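Please treat every number below as a calculation from the coordinates, not as lab data. Predicted model only: the values in this text are computed from it and were never measured. For neighbour counting, all protein chains shown are included, and Cβ atoms are generated from backbone atoms with ideal geometry for every residue, glycine included.
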Amino acid sequence: MHIKPSILLALISFSSAANAAPIETIDYKYYEISPRAPQEIKPELMRRSPIRERGGSFNGHTDWLVNWNYKSTQGPNGCELNHIQTTVHIIHTLPKLSSYVTDQKTIEVFNTFSAALTQHEINHGNNGLAAAREIDKAFSEIQPQQNCRSLSRMINDIGNSIVQKYIYADQEYDRTTQNGFTEGAVIY
């Protein structure tokens with residue numbers, strides 16, 4: 001197919017900003033517990049957990065941080081995005097059994113609990129991933145603005161609004177699952 005250069009130029013000038021998929025980094029941090037029997041798992045979690053919030057101790061936690069960088073250029077059609085890069089960094093903090101734990105019942109009880117807790121925290125991380133992907137998509141649809149200050153304000157307002165949406169989703173998720181209780185992320 002042959003495209004006339006004038007048509008090609010028009011297609012290029014109306015294309016959206018070039019952007020790659022979000023860069024996603026997922027890390028796991030573990031704290032070790034050493035219960036000798038199943039009934040010692042909960043006290044060990046409470047004693048060893050580095051996760052302290054709202055006056056309490058939590059068994060697992062997920063932090064996610066979404067950042068965005070962009071380049072813009074002021075041109076005859078206004079200020080337009082040239083490059084967008086969205087990143088998300090997720091950190092899951094979870095317990096793990098010490099290699100010195102040998103009691104099979106303790107290992108079995110912990111593994112059942114740990115699988116549910118890990119899935120609960122991964123679901124929180126999925127909110128961070130969804131936020132980054134939604135931000136990336138929203139940024140790719142932004143049209144040129146009158147000036148670069150307006151464009152910058154628009155980008156940050158959109159990004160921050162989407163982040164807040166997913167922070168709320170995390171809070172709702174914890175509320176509806178009772179911090180993972182209804183999913184089996186509980187130990188007695």
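Antiparallel versus total DSSP beta bridges in the chain: what percent is that, nearest 5?
Here the antiparallel bridges make up roughly 60 percent for the chain.
Report the residue, chosen from Pro22, Pro95, Pro43, that carries the largest GNM mean-square fluctuation when the chain is represented by alpha-carbon nodes joined by springs under 10 Å.
Among Pro22, Pro95, Pro43, the largest mean-square fluctuation in the Gaussian network model of the chain belongs to Pro43.
Work from the charge dipole of the chain (Cβ charges, +1 for Lys and Arg, -1 for Asp and Glu, about the Cα centre) and give the residue of His92, Gln145, Gln119 farthest towards its positive end.
After comparing all options, I get Gln145.
Okay, helix-only estimate at 222 nm for the chain: each DSSP H run of n ≥ 4 adds -39500 (n - 2.57), divide by all residues, round to 500 deg cm²/dmol; what do you get?
-15500 deg cm²/dmol
Computed FRET efficiency, Cβ-Cβ of Arg149 and Asp27, R0 41 Å: what is it to the nearest 0.05?
Taking R0 as 41 Å, the efficiency between Arg149 and Asp27 is 0.70.
In nm, give the distance between the simple-model label positions of Asp157 and Ile122, each being 7 Å from the Cα along the Cα-to-Cβ direction.
Placing both labels 7 Å along Cα→Cβ, they lie 3.9 nm apart.
On a straight-distance basis, which lysines could pair with Lys105 in a cross-link, Cα separation under 18 angstrom, same-chain partners fewer than 8 positions away excluded?
Reachable lysines: Lys42, Lys96.
Roughly how many debye, to the nearest 20, is the charge dipole of region 18-183 about its Cα centre, given +1 on each Lys and Arg Cβ, -1 on each Asp and Glu Cβ, and no other charges?
About 320 debye.
Which lysines have a Cα less than 19 Å from the Cα of Lys71, not counting those fewer than 8 places away in the same chain?
Correct list for Lys71: Lys137.
How big is the gap, in Å, between the Cα center of region 104-118 and the Cα center of region 157-182?
So the separation of the two Cα centres works out to 26 Å.
Note down the relative contact order for the chain as a percent, whole number, built from C-alpha pairs under 8 angstrom at least six residues apart.
Relative contact order here is 26 percent.
Hey, with R₀ at 22 Å, roughly what FRET efficiency would Arg47 and Lys96 work out to, going by the Cβ-Cβ distance, to 0.05?
Approximately 0.90, to the nearest 0.05.
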